[in-house]
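Peer 1: Handing you a structure now.
The values are calculated or read from the model by the stated rules, or taken from the named source; none is laboratory data. Everything numeric here is computed off the predicted structure, so don't read it as measured data. When we count neighbours, we look across all protein chains shown, and the Cβ atoms used for this are built from the backbone with ideal geometry, even at glycine.
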Amino acid sequence: MFSLQGQKALIVGIANENSIAYGCAQALRAQGADLAVTWLNAKAEPYVRPLAEALGAEIMMPLDVSDPDQLGAVFDEIGARWGRLDTLLHSIAFAPRDDLHGRVIDCSAAGFAQAMDISVHSFLRMIKLAEPLMPHGGTCLSVSFFGASRVVHHYNMMGPVKAALESSVRYAAAELGEKGIRVHALSPGPLATRAASGISHFDELLSVAAQRAPTHQLTTIADVGAMAAFLASPEARNLTGGVHDIDGGYSITA
């Protein structure tokens, strides 16, 4: 069994106990990693801080990725406290509600730009800040979805946004591979999270996924966490640039 003992991991994107990021944090911690955990703002802190404390997180800070000062402060604290970073998990996405619920061709330029900035470019900004803290290599993970490569009804503008995220993963992996920094996208099947609740008709998507998946089981945050922990491990040192489906086979069905 692989071990993450002594590794340092930054977890961005926990909103509550149902978050994908929380499942990943649990798995990384179970394998021995030390954690830094962030929350979006003061409103989110009461929901996230108790989870971080229960995981024994050594660093706990607010982080709105659209604020360069907050982003810089998190990585400065990691550098000061730990001197390095082994794993970065980026599990955040956002699109304005009106744009998300409308047709892709109707979405506003401002809404599309905001969705791309928070859901995609923030991952690139974080990788850039993590790079000097990974002198001996490391792992950078983000979260995608099947709708990046196939049309999923009601996923709408997040489809093109997640496609951009997956492409960014490949390019970052190619650029950083010689430094031993691996970059991946985790692509879970539909699962009930607060972020997913913003997608219209999401209950229908869950039902269809359970029917179509060869295992007839919905993905859990523990499933995603297990893959994240493996990809962060030394045993995955020669894997990079992948989009890893964690969906009971949902993505292979027609």
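Peer 1: Does the range 199-213 include one or more residues that are out of contact with any Pro (no Cβ under 9 Å at 6 or more places or on another chain), of a type outside the set (S, T, N, Q), modelled with pLDDT of 95 or more and surrounded by 15 or more Cβ atoms within 10 Å (Cβ to Cβ)?
Peer 2: Among the residues of the range 199-213, not one is out of contact with any Pro (no Cβ under 9 Å at 6 or more places or on another chain), of a type outside the set (S, T, N, Q), modelled with pLDDT of 95 or more and surrounded by 15 or more Cβ atoms within 10 Å (Cβ to Cβ), which makes the answer no.
Peer 1: Mind telling me which of the residues A148, A95 ends up being more than 27 Å from K43 (Cα to Cα), touching a helix residue (DSSP H, G or I) at 6+ places or on another chain (Cβ under 6 Å), in contact (Cβ under 8 Å) with a residue 12 or more places away in the chain and surrounded by 15 or more Cβ atoms within 10 Å (Cβ to Cβ)? Steps first, please.
Peer 2: On the way: A95 fails: more than 27 Å from K43 (Cα to Cα).
Result: A148 is the single residue among A148, A95 that is more than 27 Å from K43 (Cα to Cα), touching a helix residue (DSSP H, G or I) at 6+ places or on another chain (Cβ under 6 Å), in contact (Cβ under 8 Å) with a residue 12 or more places away in the chain and surrounded by 15 or more Cβ atoms within 10 Å (Cβ to Cβ).
Peer 1: I would also like to ask the following. What number of residues in the range 34-56 are within 15 Å of G225 (Cβ to Cβ) and surrounded by 24 or more Cβ atoms within 10 Å (Cβ to Cβ)?
Peer 2: Result for the range 34-56: 1.
Peer 1: Would you please list the contacts, defined by Cβ atoms under 8 Å and residues six or more apart or on different chains, that run from a residue in the range 14-25 that is surrounded by fewer than 20 Cβ atoms within 10 Å (Cβ to Cβ) to a residue that is part of a helix (DSSP H, G or I)?
Peer 2: If the second residue must be part of a helix (DSSP H, G or I), the pairs left are N16/Y22; N16/Y47; N16/V48; N16/L51; E17/L51; N18/I221.
Peer 1: Tell me, which residue of the range 214-254 that is hydroxyl-bearing (S, T, Y) and under 25 Å from K8 (Cα atoms) is surrounded by the most Cβ atoms within 10 Å (Cβ to Cβ)?
Peer 2: Filtering the range 214-254 for residues hydroxyl-bearing (S, T, Y) gives 215, 219-220, 233, 240, 250-251, 253.
Restricting the remaining residues to those that are under 25 Å from K8 (Cα atoms) gives 220, 233, 240.
Values: T220: 17, S233: 19, T240: 21.
This residue is T240.
Peer 1: Which pairs do you get when a residue that is under 7 Å from H184 (Cβ atoms), found in the range 229-242, comes within reach of a residue that is modelled with pLDDT under 95 and assigned to a loop (DSSP other than H, G, I, E, B), reach meaning Cβ atoms under 8 angstrom, with the pair 6+ apart or on two chains?
Peer 2: Hits for this filter: zero, empty list.
Peer 1: Moving on. If I filter the range 213-226 for residues that are aliphatic (A, V, I, L, M) and without any contact (Cβ under 8 Å) to a residue 12 or more places away in the chain, do I get at least one hit?
Peer 2: Within the range 213-226, the subset aliphatic (A, V, I, L, M) is 213, 218, 221-222, 224, 226.
Those left that are additionally without any contact (Cβ under 8 Å) to a residue 12 or more places away in the chain: none.
No: zero hits.
Peer 1: Please note which helices (runs of 4 or more DSSP H) are completely contained in the range 132-250 and include at least 1 residues that are touching a strand residue (DSSP E or B) at 6+ places or on another chain (Cβ under 6 Å) and closer than 24 Å to V74 by Cα.
Peer 2: Numbers: elements: 158-176, 202-212, 221-231.
Ranges flagged: 158-176, 221-231.
Peer 1: Please list, ordered by first then second residue, the pairs with beta carbon atoms under 6 Å, 6 or more apart or interchain, first in the range 100-123 and touching a residue at least 40 places away in the same chain (Cβ under 8 Å), second assigned to a helix (DSSP H, G or I) and among the charged types (D, E, K, R).
Peer 2: Going by the 6 Å Cβ cut-off, the qualifying pairs are C107/D99; G111/D99.
Peer 1: Test S122 against the criterion of being at pLDDT 95 or above, touching a strand residue (DSSP E or B) at 6+ places or on another chain (Cβ under 9 Å) and assigned to a helix (DSSP H, G or I), and give yes or no. It would help to see each step written out before you state the result.
Peer 2: On the way: at pLDDT 95 or above: yes; touching a strand residue (DSSP E or B) at 6+ places or on another chain (Cβ under 9 Å): yes; assigned to a helix (DSSP H, G or I): yes.
Answer is yes for this residue.
Peer 1: Taking the options G177, G189, G137, name whichever one is on the phi > 0 side of the Ramachandran plot, of a type outside the set (F, W, Y) and in contact (Cβ under 8 Å) with a residue 40 or more places away in the chain.
Peer 2: Details: G177 fails: on the phi > 0 side of the Ramachandran plot; G189 fails: on the phi > 0 side of the Ramachandran plot.
Matching residue, one of G177, G189, G137: G137.
Peer 1: Would you pick out the residues in the range 26-51 that are acidic (D, E) and touching a residue at least 24 places away in the same chain (Cβ under 8 Å)? If you could, list the steps in order and put the result at the bottom.
Peer 2: Of all residues in the range 26-51, those acidic (D, E) come to 34, 45.
Of everything in the range 26-51, just one residue is acidic (D, E) and touching a residue at least 24 places away in the same chain (Cβ under 8 Å), namely D34.
Peer 1: Of the numbered conditions (1) over 18 Å from the mean Cα position of the chain (by Cα); (2) buried (at least 23 other Cβ atoms within 10 Å of the Cβ), S3 fails exactly one; give the number of that condition.
Peer 2: It is condition (2) that S3 fails.
Peer 1: Has the range 115-123 got at least one residue that is among the β-branched types (V, I, T) and surrounded by fewer than 24 Cβ atoms within 10 Å (Cβ to Cβ)?
Peer 2: Just the residues of the range 115-123 that are among the β-branched types (V, I, T), to begin with: 118, 120.
Next, only the ones that are surrounded by fewer than 24 Cβ atoms within 10 Å (Cβ to Cβ) stay: 118, 120.
Yes, the range 115-123 contains at least one residue that is among the β-branched types (V, I, T) and surrounded by fewer than 24 Cβ atoms within 10 Å (Cβ to Cβ).
Peer 1: Would you check if there is a residue in the range 92-102 being within 18 Å of A15 (Cβ to Cβ) and of a type in the set (G, A, S)?
Peer 2: Yes, the range 92-102 contains a residue that is within 18 Å of A15 (Cβ to Cβ) and of a type in the set (G, A, S).
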